[in-house]
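Worksheet: one structure, shown below.
The values are calculated or read from the model by the stated rules, or taken from the named source; none is laboratory data. Worth saying up front: this structure is predicted, and the values here are computed from it rather than measured. Cβ sites come from the backbone with ideal geometry, for glycine too, and all protein chains shown count toward neighbours.
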Amino acid sequence: MIFFVLFSFYFSRGFFVRAIDCQGDATCTQLSQDIEKLQKDLEASVNATTPLVDEVKKLDARIKSIQSAISSAKKKANDLAIDVEKREAELGQTYTELALRVRRQYMQKRSTSDLEIFFSNTSSSTTRALAYRASLAKQDEQKVHELGAIIIALEEDKKRLEQEQKQLAGLQVQIDKQASFFKQEIANAVSYQQSLRGKIAEFSAKQQSILSEKSGTFQTTVGDVPLADDFNASPAFSPPFSPAFAVFSFGAPHFNGLSQYGALGRSKEGQSADQILHAYYGDVEIKKDYDQNTEICVGSSASNCERMSMETYAKRIYEVPNGWGDQGGMEALKAQAVAARSYALADMQRRGYICATESCQVYKSSNKGGNWESAVNATAGWVLMKNGKPLWAKYASTAGGYIDAYTDSASTGHRTPSFWDTKNGRDGWTSQAFEKIAGSPWFYKAWYKTRGGDSCGRSHPWLTQEETADVLNAWIVLSNTSESRISPLGGCWGGNPYSMSELRDRANGYGGAVTSVSDVHVEYSNDGYTANVIFQTNKGEVSISGSEFKKVFNIRAPGNISVKSGLFNVEKR
């Protein structure tokens with residue numbers, strides 16, 4: 001019964017996780033789909049191990065209870081064995097005594113018959129003698145019966161003892177096995193989790209260069225990027241083939257805080273610096289008498305930096321063009337000056353210095369002069385404050401018409417608003433976005449080059465029907481399994497990526513490959529991201545969530561063609 005309970009417990013739980021060896025190679029072709037699957041496996045393993053550990057604790061208590069019962073049963077069995085041994089000895093003695101009595105009676109009967117007793121004795125003595133003999137015979141008969149019953153009972157007890165000892169030994173072995181099994185399963189699960197964590201770290205390192213370029217994990221500011229952008233990346237470009245498909249990103253990372261082009265658009269629409277700052281940073285104080293001599297230290301560390309006043313530092317920021325001031329953008333320059341001071345002061349309080357690159361703010365050793373210096377002077381001592389501290393005021397070039405909220409957890413704890421950065425909210429997104437009014441070249445763009453200008457042999461971002469179907473086949477395969485050979489075609493990323501025909505064959509193994517694409521449309525969320533991308537294909541309608549499409553597109557799209565934003569559109573020509 002004990003074994004049955006444990007056996008049922010083991011098979012009914014269903015949470016034992018065996019280690020799985022997730023294979024990968026040494027190239028950069030392991031991409032974010034693999035990481036996501038590994039993370040899901042890790043989460044599942046951790047979730048499985050937690051109840052397993054709890055069950056082992058319960059099992060330990062049950063094992064102790066069962067082992068106590070087994071020990072008690074063994075003691076009873078030992079007592080029974082001692083009793084059986086004692087009874088066997090007593091039985092042997094009784095048997096010997098009975099045998100002697102029977103022998104004596106037999107000899108007496110041979111030497112004196114009942115007739116001799118009858119004729120040689122008086123009536124009374126004869127009766128007594130015969131009665132005595134009858135009594136002895138009856139006693140012997142009774143003793144024989146008792147002896148037989150004792151022998152039978154003894155044999156039954158010996159069989160029961162043997163059976164119980166065998167059962168107890170088996171139960172003890174089973175209990176030991178079960179305890180060892182559970183503990184080994186925990187060890188396996190923990191080892192598996194450690195293996196997964198190692199693989200996730202390994203894959204992350206391999207993928208970093210690809211994801212940084214293709215997903216756009218970089219800062220984009222206006223001051224260091226030419227304003228004239230690539231015509232071939234614009235929707236006005238006509239691809240040399242049809243049907244053709246291209247993904248256009250709204251903005252480029254990141255999308256937090258002040259949009260520089262959005263501020264320019266707002267300034268052109270007559271908004272003041274105060275209005276612009278409150279629009280992007282929410283309920284914050286614009287303190288206009290902060291100590292202008294507050295020290296800023298610019299460099300690579302708190303012990304290796306150049307010290308200067310807050311206002312001297314602000315005049316050397318190269319984040320936005322002076323020309324904006326002549327295009328109705330002076331209020332945008334003022335708002336940028338206030339944001340730059342606030343960002344620097346918050347960085348100083350967090351770590352004691354601020355770097356000179358675009359990772360912090362673009363800084364040069366000489367004053368920028370012109371309209372920028374005028375804007376700095378006009379806002380001297382203006383700083384964004386919250387809860388008595390300077391706000392870590394993030395900003396970037398172009399957010400694509402939607403601003404994501406962020407929390408300044410390291411400084412003030414303030415959370416900025418999220419909103420459609422347009423004159424008419426969500427409904428005016430593509431036509432009335434302030435960034436579009438300002439003429440941002442990154443408001444709506446298809447990306448096919450790296451920041452350094454490498455296009456991997458492509459002259460535009462448009463994909464053929466076959467290339468688009470290839471991306472969908474990559475999605476089909478990666479939705480079902482992890483494939484290290486799914487990576488961009490074009491020879492720029494190394495490795496040994498599947499050819500289009502090989503990937504079609506792989507997709508055919510998961511319900512059929514996409515071979516033709518006839519149309520596409522997208523669905524947008526009210527929260528500023530692409531919710532779904534829906535393709536019409538030879539397999540019918542294929543719907544992919546925006547986040548999944550962005551991921552698989554960046555994994556498989558040829559060359560350096562990529563999606564930079566979670567808010568994007570797919571066009572067909």
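Quick look at the values:
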| item | result |
| --- | --- |
| Residues of region 440-478 classified as among the small types (G, A, S) and either free of Cβ contacts under 8 Å to residues at least 40 places away in the same chain or in contact with a Lys or Arg (Cβ under 9 Å, 6 or more places away or on another chain) (or both), total | 5 |
| Sole exception among (1) surrounded by fewer than 24 Cβ atoms within 10 Å (Cβ to Cβ); (2) part of a helix (DSSP H, G or I) for I296, by number | (2) |
| All positions within region 355-378 that are modelled with pLDDT of 95 or more and crowded, with 24+ Cβ neighbours inside 10 Å | W372, A375, V376 |
| Spans of strands (runs of 3 or more DSSP E) in region 467-573 with at least 1 residues polar (S, T, N, Q) and surrounded by fewer than 18 Cβ atoms within 10 Å (Cβ to Cβ) | 517-524, 530-537, 540-545 |
| Hits in region 416-457 - residues which are crowded, with 18+ Cβ neighbours inside 10 Å, in a loop (DSSP other than H, G, I, E, B) and touching a helix residue (DSSP H, G or I) at 6+ places or on another chain (Cβ under 6 Å) | T416, D421, S440, F443, A446 |
| First in region 310-335 and in contact (Cβ under 8 Å) with a residue 24 or more places away in the chain, second anywhere and in a helix (DSSP H, G or I) and among the β-branched types (V, I, T), Cβ under 6 Å, 6 or more apart | A314/V376; K315/V376; A335/I276 |
| Options S365, S342; residue that is farther than 18 Å from Q275 by Cβ and among the small types (G, A, S) | S365 |
